[in-house]
Amino acid sequence: MSKIFSFKELADADLIVDAIYESGSSGNAGDDPISKLMKCGNQGGFRYLGAYDNLKLCVLYSEMTSTEWPDEIDYQKGLFTYFGDNKTPGHELHDTKKKGNEILRLTFESLHNDQRSKIPPFFIFTKANDKGRSVIFRGLAVPGAINLNKSEDLVAVWKRSGDRFLNYRGVFTILDIQTIKREWIDSIIK
């Protein structure tokens, strides 16, 4: 059975892989547990702290239900495949409201140029199976994968929905770390 943290516990909670972090009960965006845990935004797939081009941390959130943009976790290999935020036609690849695709571009560029100090920690969350906004922490991740080269770990893919347009598919490695202590998260936030 997974550990469950109530909404009241979130400000002091450690992050534990596969633990459930419950949402509030007000019926609005303030119920979001990720913003309480990570001091970041409360909506969308990319939630970050800092400027998009100088991040302290980045949360990647997925409901894991899209058939058009099928984010996926390979639990055996510890890989998370995540699609960017240009999900409708009419925008250039990097011209997105949350700057998610620009975050992906800059992050993987830093990886490929061996500038690891420019890469923020990525925290992976997915939707829990309840009617609220509760989430499951899936792990701390880094961009890339040991078996993928720089032309494979971040790829612009075409989609056709009336008009053709591009979005990113990025691969992240989920680190073998079971618990992320609250003190470490707070030190990043500060």
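The values are calculated or read from the model by the stated rules, or taken from the named source; none is laboratory data. Keep in mind it's a predicted model, so treat the numbers as computed, not measured. No Cβ is skipped: glycine too gets one built from the backbone with ideal geometry, and neighbour counts run over all protein chains shown. The accessibility values were calculated without ligands, DNA or RNA, using every heavy atom of the protein model including side chains. Shrake-Rupley method; radii C 1.70, N 1.55, O 1.52, S 1.80 Å.
Using alpha-carbon pairs under 8 Å, 6+ residues apart, how would you state the relative contact order of region 1-112 in percent?
13
Could you sort 184, 69 by their accessible area in this structure, using a 1.4 Å probe and putting the largest first? Could you put the intermediate results ahead of the total?
On the way: 184 110, 69 15 Å².
If we order 184, 69 from most to least accessible, we get 184, 69.
So for the chain, averaging the separation of alpha carbon pairs under 8 Å that are six or more residues apart and normalising by length, what relative contact order in percent results? Provide the component values of the computation, followed by the final result.
Values: 384 pairs, mean separation 48.3, N = 190.
Value for the chain: 25 percent.
Carbon and sulfur: what percent of the chain's accessible surface (1.4 Å probe)?
Carbon plus sulfur share of accessible area: 48 percent.
Kindly state, to the nearest 0.05, the FRET efficiency for residue 54 paired with residue 160, given R0 = 30 Å and r defined as their beta-carbon distance.
The formula returns an efficiency of 0.30 here.
For the pair residue 91 and residue 112, what calculated FRET efficiency results from E = 1/(1 + (r/R0)^6), where r is the Cβ-Cβ distance and R0 = 25 Å, to the nearest 0.05?
With a Förster radius of 25 Å, E is 0.55.
Once ligands and nucleic acids are excluded and a 1.4 Å probe is used, how much of residue 142 is accessible, expressed in Å² to the nearest 10?
Here the accessible area works out near 60 Å².
In nm, to one decimal, how far is the residue 127 label point from the residue 183 one, both placed 7 Å along Cα→Cβ?
Modelled inter-label distance: 3.7 nm.
In nm, to one decimal, how far is the residue 72 label point from the residue 3 one, both placed 7 Å along Cα→Cβ?
Each label point lies 7 Å from its Cα, and together they span 3.0 nm.
At a 1.4 Å probe radius, which order do 48, 75, 61 fall into by accessible area, largest first?
Values: 48 55, 75 145, 61 35 Å².
So, going from the largest accessible area down, we get 75, 48, 61.
Trypsin sites (Lys or Arg not before Pro), restricted to region 131-181: which are DSSP loop and have at most 12 other Cβ atoms within 10 Å?
Counting only loop positions with at most 12 other Cβ atoms within 10 Å, the trypsin sites (Lys or Arg not before Pro) in region 131-181 are 131, 150, 181.
Could you derive backbone 3J(HN,Hα) for region 41-56 from the dihedral phi with the Karplus parameters 6.51, -1.76 and 1.60 (θ = phi - 60°), listing whole Hz in sequence and x where the residue is Gly or Pro?
Result, ordered by residue: x, 10, 8, x, x, 9, 10, 9, 10, x, 6, 4, 9, 7, 7, 8 Hz.
Restrict the search to region 1-96; then list the GluC sites (Glu not before Pro) that DSSP places in a loop and that have at most 14 other Cβ atoms within 10 Å of their Cβ.
Within region 1-96, the qualifying GluC sites (Glu not before Pro) (loop, at most 14 other Cβ atoms within 10 Å) are 63, 68, 92.
When the dipole is taken about the Cα centre of region 98-162, and only Lys, Arg (+1) and Asp, Glu (-1) are charged at their Cβ, what size is it in debye, to the nearest 20?
Magnitude of the dipole: close to 380 debye.
Once both axes come from the Cα atoms, what is the angle between helix 100-112 and the longest principal axis of the chain, in degrees from 0 to 90, rounded to 10?
80
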